[in-house]
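Here the structure is laid out as structure tokens; the discussion comes afterwards.
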Amino acid sequence: MRPFLRQTLVVVRKELKDSSRDRRAIFAMIFGILIGPAVIAFMVDRLIDRERQAEQVRLPVVGAEHAPAFVDWLRAQDGVEVVAAPADPNRAVRDGSEDVVLVIADDFADRFRRVRAASVDVVSDRSREASRPKVTRVKELLTRYSSEIGALRLVARGVSPEVASTLKVNEIDVSTAQERAATILNFLGLFMLVSSLLGGMQLATDSTAGERERSSLEPLLVNPVPRAALVAGKWLAAAIASMVAVVFTMTFCILLLKRVLAPDIGIRVSIGPPQMVNMLIAALSICPLAAAVQACMGIYSRSFKEAQSYMGILTTIPVMAIAVVSSLYPLSSQPWMYAVPMLSQYMLVKSVIGGATPSVTAFVITTTVSLALTALLLVLMTRLFRSERIIFGR
Amino acid sequence: MIAAEQLEKRFGAITAVRGLSVRADDGAVTGLLGPNGAGKTTTLRMLYGVMSPDAGRISIDGVDAVKAPQQAQKRIGVLPDGYGLYPRLTAREHIRYFGELHGVTGPRLRARTQELIELLDMTGLADRRTSGFSHGERTKVALARALVHDPQNILLDEPTNGLDVMSTRTVRRIIRRLREDGRCVLFSSHVMQEVSALCDFVVVVAAGRVVGSGTPDELRAQTGRESLEDAFVALVGAPTEEELE
């Protein structure tokens, strides 16, 4: 084996061993790996919960005595439970103790008898996202009752109910549980990227800024090893840690979705081994670059603390940028996106999850850009590592 | 054998080393003696290849250390000024890491590591992580990893600084043993007892220059002083205690 490669691997082995005993590194890695599955589990749980909520409506009714026939009809509907209303319906909804309250007007019976529109109030809080499916269900019930009675009245007068309906609106909801699950799956790409940043972060910082801070850098540099081999070893160790984190994140998220959650919401997670391989190729291409940026910042920082604050910024910016870009371009993938690291990996993973096979060109551009930037950073790091100002502090 | 001629090193406006020449022979202990800030550490850093001189030549066993620092570094073992250890690695892992970086592997590395652990009385420490080590224990680890590749030349920057009596004795014992082995030992110090106890040859440095050199006896004779300390003070250019009174 060539001496350069052998020495690089000696450094890689040492840094990985050292880092595997570093509580902070282990914690950051575990956090990075588990945050994804935890959030996904939470989101799926909410999804299931909401569907159940819309089906099972507990409906407080004020003034039920004014419209016993109507209330009986409500009771007869599937999943509807009519209960006693709170004293102050508006307040009960505002403070969240009820999602929706139905208020039947005092003159309901009177107007109903005189064939006039009888009024019912639906008290709800529109700003509360969570109560929306329930409110919609209640409104649908009211519309149905209204049109059923209306039709009966027309029939009683010898008029076809169709006369009164100009439009026959059929609402076809194309959003299936499968698709709602897909929005959750899209987060998977983001989680893989976050764990690529968290996985190697502590190792990259500790082996560069940390090495200098505990003054173990000078004795290390006394060894007859080219600076480029030291840089390559430290970078490669961080990249390996980052890759391990990404692989685990993906595996855990998919296992969680397939084994535990999919049967619960009755959806099929159509991600098999070929998709997983594509996702890994896409996401792993960010790891060398993430490790290179982190190690470079570590070398450049004056102290371990300074390096850590850079790492915080480094982790936040791409995630926020992806959130912004994906809200600006919700569906389309613009060609330029494949030239932007992080964003390109995110787009690739997203389209694989969406069932598409991204073009080979997209993969090639993504990987080439990341590796080219990595190479550039490695050259820069080697330069920095040769500078006496950097080695002995400024 | 280490030979440096006319070394120069500037840091911005400050000239730390100006035209310094030093020579350390095999089978001898050479002391670089000087007050704090005289340029001892900078000189050693140039000799062991982590700083490059602005001018001058360095030869390690005939290898040009300025042109081929890594070739020269293969022939030296160094105990630098600040020697940080990795708190999560054991003493043995430290020695092995540096051995591997020098290309020592397999049974040879295992045997050499064990030999050094025994030589430095570290058997009880060898497989403990270094995070709780005392200063003396840390020095032993640093010394062992500096010697793992069995170097011909050994450079030590203030090796006994802050050590207790027992550890100081261990370090002295190692230095004498290296001399008996025919190695070239160069160490810096500002402690007179250290230099007089160990050195065959002394180079006195002040303000980046050599102000005197020779055996301790020669230095005393040159300056006409009875103790090495007075000789040193005279060479460095400060008034002696008697003159102060």
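Would you mind counting up the charge near residue B:166? Only other residues with Cβ under 12 Å from its Cβ, with Lys and Arg at +1 and Asp and Glu at -1. Net charge around residue B:166: +1. Of the Cα atoms belonging to the stretch A:28-85, the radius of gyration and Dmax stand at 19.8, 63 Å. Quick one: helix B:91-101 against the long Cα principal axis of chain B, what's the angle to the nearest 10°, folded into 0 to 90? Here the helix axis deviates by roughly 80 degrees.
Kindly identify the stretch B:69-149 as rounded, prolate or oblate by the Cα gyration tensor criterion: order the square roots of the eigenvalues as a ≥ b ≥ c, call it rounded if a/c is under 1.5, otherwise compare a/b with b/c, prolate if a/b is larger, else oblate. Note, shape of the stretch B:69-149 comes out oblate. Within the protein assembly as shown, antiparallel bridges make up roughly 50 percent of the DSSP beta bridges whose residues both belong there.
Within a straight-line Cα-Cα reach of under 15 Å, residue A:305 can be paired with the following aspartates and glutamates, leaving aside sequence neighbours fewer than 8 residues apart in one chain: A:206, A:211, A:213. Protection proxy ranking for A:32-43, A:369-380, B:141-152, using the average of other Cβ atoms within 10 Å per residue and placing the highest first: B:141-152, A:32-43, A:369-380. Counts of other chain beta carbons within 10 angstrom of each beta carbon in peptide A:6-15 average 3. Against the main long axis of the alpha-carbon atoms of chain A, helix A:132-156 sits at an angle near 30°. Near residue A:163: Cβ cut-off under 14 Å, other residues only, Lys/Arg at +1 and Asp/Glu at -1. The net charge is +2. Within a straight-line Cα-Cα reach of under 26 Å, residue B:74 can be paired with the following lysines, leaving aside sequence neighbours fewer than 8 residues apart in one chain: A:14, A:17, A:234, B:9, B:40, B:140. When chain B is treated as a Gaussian network with alpha carbon springs shorter than 10 Å, the biggest mean-square fluctuation among B:125, B:20, B:186 belongs to B:125. About its Cα centre, chain A has a charge dipole of approximately 1580 debye under the convention of +1 per Lys or Arg Cβ and -1 per Asp or Glu Cβ, with nothing else charged. Just to check, using Stokes-Einstein with a Kirkwood Rh over alpha carbon pairs, what's the diffusion coefficient of the stretch B:1-94 at 20 °C and 1.002 mPa s in µm²/s? Result for D is 149 µm²/s. Mean partner shielding of peptide A:208-219, defined as the number of other chain Cβ atoms within 10 Å of each residue Cβ, is 5.
Normalising by the residue count of chain A, find the relative contact order in percent from Cα pairs under 8 Å and 6+ residues apart. For chain A, the relative contact order is 20 percent.
For the residues of B:97-109, the average number of beta carbons from a partner chain within 10 Å of their own beta carbon is 4.
Comparing A:208, A:315, A:136 in a Gaussian network model of chain A, where Cα atoms under 10 Å apart are tied by springs, the biggest mean-square fluctuation is seen for A:136. Tell me the net charge near residue A:110. Cut-off is 14 Å between Cβ atoms, residue A:110 excluded, with +1 for each Lys or Arg and -1 for each Asp or Glu. Value of the local net charge: +1.
Taking the average, over residues, of other Cβ atoms within 10 Å as the packing measure, peptides A:348-354, B:160-166 rank A:348-354, B:160-166 from highest down.
Rounded, prolate or oblate: which fits chain B when a ≥ b ≥ c are the square roots of the eigenvalues of the alpha-carbon gyration tensor, with rounded for a/c under 1.5 and prolate only if a/b beats b/c? In terms of gyration-tensor shape, prolate.
When a/c reaches 1.5 or more, the comparison of a/b and b/c decides; with that in mind, is the stretch A:62-196 rounded, prolate or oblate per its Cα gyration tensor? Cα axes put the stretch A:62-196 in the oblate bin.
About its Cα centre, the stretch B:164-217 has a charge dipole of approximately 140 debye under the convention of +1 per Lys or Arg Cβ and -1 per Asp or Glu Cβ, with nothing else charged. How many percent of Cα pairs in the protein assembly as shown exceed 39 Å? Cα-Cα pairs of the protein assembly as shown separated by over 39 Å account for 53 percent. For the stretch A:290-394, the Stokes-Einstein estimate of translational diffusion at 4 °C and a viscosity of 1.567 mPa s comes to 83 µm²/s, using the Kirkwood hydrodynamic radius over alpha-carbon pairs.
Readers should treat all values here as calculations from the given coordinates under stated rules, not as data from a laboratory. From a predicted model like this one, the values you see are computed outputs, not experimental measurements. For neighbour counting, all protein chains shown are included, and Cβ atoms are generated from backbone atoms with ideal geometry for every residue, glycine included.
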